[in-house]
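A short write-up of the structure that comes next.
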Amino acid sequence: MLDKKVVELLNQQVNKEFYSAYLYLDFSNYYYDQGLDGFGNWYKIQAQEERDHALLFIQYLQNNGERVELEAIDKPGVALTSAKAVLAEGLKHEQYVTSLIHTIYDAAYSVKDFRTMQFLDWFVKEQGEEETNAEGLVKKFELFGDDPKSLYMLDSELGARVYSAPSLVL
Ligand code: MG
């Protein structure tokens, strides 16, 4: 049996991951609307990954005999002001998600819940990669975003991203 506080945080994370998917779908729609289909594709796949994360948290709770409580998902709450600003918001959101994962890890650590810590290890690593990717996009846009030809190439590069299922199997 898992600790009550840990279960509560894991349940909350299900909602946060679905919210992330919803937020990134909003980003994706924004880019498609702006004619930046490659950025739209990149964030649509990002949204799929976040949905996968939510399902992994659900699976973990169920594997441990815990009940899953689905709450309402908030409306995406980020103002989409420019192609560049949205990328910065993406980075900020990933940093926030990292802090959430660390909070759950901290709760598991404090009750010596090694099983949950091991489950979360994948997410700690994943968040490191997500932050690196988001930072990379911000930097690339700063370098190339103002030049139409370069932006076209960057958009094409992001358009080539394909979805792949998470490497974590429970
Ligand atoms: Mg996630």
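The values are calculated or read from the model by the stated rules, or taken from the named source; none is laboratory data. A quick note: this is a predicted structure, and the numbers were derived from the prediction, not measured. Because the Cβ atoms are built from the backbone with ideal geometry, glycine has one as well, and the counts that use them run over all protein chains shown. Surface areas here come from the heavy atoms of the whole protein model, side chains and all, with no ligands, DNA or RNA. Shrake-Rupley method; radii C 1.70, N 1.55, O 1.52, S 1.80 Å.
In the full protein assembly as shown, how much of Ile73 is accessible to a 1.4 Å probe, in Å² to the nearest 10?
That residue has around 70 Å² of solvent-accessible surface.
Please report the spacing between the Cα centers of the stretch 95-126 and the stretch 12-59 in Å, no decimals.
So the two Cα centres are separated by 21 Å.
I'd like to check one number: the per residue accessible area of the stretch 99-170, probe 1.4 Å, reported in Å² as a whole number.
Spelled out: the 1.4 Å probe surface of the stretch 99-170, per residue, equals 65 Å².
Accessible surface of His102 in the full protein assembly, 1.4 angstrom probe, to the nearest 10 Å²?
For His102, solvent-accessible area is about 90 Å².
In square nanometres, what is the average projected area of the Cα convex hull of the chain?
If you wrap the Cα atoms of the chain in a convex hull and average its projections, you get 9.6 nm².
Loop only per DSSP, at most 14 neighbouring Cβ atoms within 10 Å: give me the GluC sites (Glu not before Pro) in the stretch 1-96, ordered by residue number.
Hits after loop and neighbour filter: Glu69, Glu71.
If ligands, DNA and RNA are left out, what is the accessible area of Asp146 with a 1.4 Å probe, given in Å² to the nearest 10?
That residue has around 140 Å² of solvent-accessible surface.
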